[in-house]
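Only one structure is covered here, and it is reproduced in the block below.
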Amino acid sequence: MKQSFLLFLFLTICISFTSETAEAQFKEYTGSGDDILVIEKPDEDMPALLVINGNRGSNHFSVTSFDASRDRIDLLVNTTEPYSGIVAVDLPVGTNTKMLEISASGSWAINVYPIGAAHKISTDNPKSDSGDNILWIEGDASIATISGNSNSSHFSVTAYDGSGRRNGLLVNTTDRYNGKVMIPKGTLLLQVTASGNWSVKLQ
């Protein structure tokens, strides 16, 4: 396994995840209804970002990852609401996603990006958004002011270090949230799981 791969990517892929960086997109998959995708990642030894959109009809919609042996890895999306979000596969490290199982009754789209395309956040650059997302911390930060979950759904923020290992569960609630939390030493990524608006400010 590659060591400190995320730090390496930071030095080599310093891009922001916006419409202006579409060239960073690695693969695009589209379809309708239930399906099984055999996917490619930019680097099979590293996590990757999936930008997922679907379920406009507000039916059941789920996306599950599997390895080459068809062993289940993770339930990435599971909702009855229209979905638009960014999730990571193979984070934490130790797995290698090869297939996605889609459960849907309408059209969907999944775009694959390198992990280095994650939204950047720093003490000078707070982030506000809606839904699931992955944030890449630039520079040093020790405290995060986090707010969100006004609709009282599940809301969590998980930290990962520069080697892709889980570094702490910062927030995990089904209530509205507004508070300050300590950022564990060595944290590089924040994984936000949300169904509504949220904001993260670092200091």
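Structure data summary
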{"quantity": "Some residue of the range 185-200 being farther than 30 Å from D45 by Cα and among the hydroxyl-bearing types (S, T, Y)", "calculated": "yes"}
{"quantity": "Selection status of T64, surrounded by 14 or more Cβ atoms within 10 Å (Cβ to Cβ), in a loop (DSSP other than H, G, I, E, B), among the β-branched types (V, I, T) and on the phi < 0 side of the Ramachandran plot", "calculated": "no"}
{"quantity": "Members of the range 101-144 found to be of a type outside the set (F, W, Y), over 15 Å from the mean Cα position of the chain (by Cα) and in a strand (DSSP E or B), listed by number", "calculated": "E101, I102, S103, S107, A109, S122, N125, I143, A144"}
{"quantity": "Verdict on E81 being at pLDDT 95 or above and either in a loop (DSSP other than H, G, I, E, B) or within 18 Å of K98 (Cβ to Cβ) (or both)", "calculated": "yes"}
{"quantity": "Residue check for L50: crowded, with 18+ Cβ neighbours inside 10 Å, at pLDDT 95 or above and closer than 30 Å to G186 by Cβ", "calculated": "yes"}
{"quantity": "Scan of the range 145-166 for residues that are part of a loop (DSSP other than H, G, I, E, B) and either under 19 Å from D124 (Cα atoms) or hydroxyl-bearing (S, T, Y) (or both), ordered by number", "calculated": "S150, S152, S153, S163"}
{"quantity": "Contacts under 6 angstrom Cβ, first residue in the range 161-181 being closer than 25 Å to D90 by Cβ and free of Cβ contacts under 8 Å to residues at least 24 places away in the same chain, partner surrounded by 13 or more Cβ atoms within 10 Å (Cβ to Cβ) and not polar (S, T, N, Q), 6 or more apart", "calculated": "N167/A159; N167/Y160; N167/D161; N167/P184; G168/A159; G168/P184"}
{"quantity": "In the range 109-141, the residues that are β-branched (V, I, T) and either over 29 Å from S32 (Cβ atoms) or surrounded by fewer than 18 Cβ atoms within 10 Å (Cβ to Cβ) (or both)", "calculated": "I121, T123, I137"}
{"quantity": "Failed criterion for L169 (all others in (1) touching a Phe, Trp or Tyr at 6+ places or on another chain (Cβ under 9 Å); (2) surrounded by fewer than 21 Cβ atoms within 10 Å (Cβ to Cβ); (3) assigned to a strand (DSSP E or B) hold)", "calculated": "(1)"}
{"quantity": "Candidate set: the range 145-166, residues that are within 19 Å of the chain's Cα centre (by Cα) and at positive phi; chosen: the one surrounded by the fewest Cβ atoms within 10 Å (Cβ to Cβ)", "calculated": "N149"}
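The values are calculated or read from the model by the stated rules, or taken from the named source; none is laboratory data. All of these numbers come straight from a predicted model, not from anything done at the bench. Note: ideal-geometry Cβ built from the backbone for every residue, glycine included; neighbour counts use all protein chains shown.
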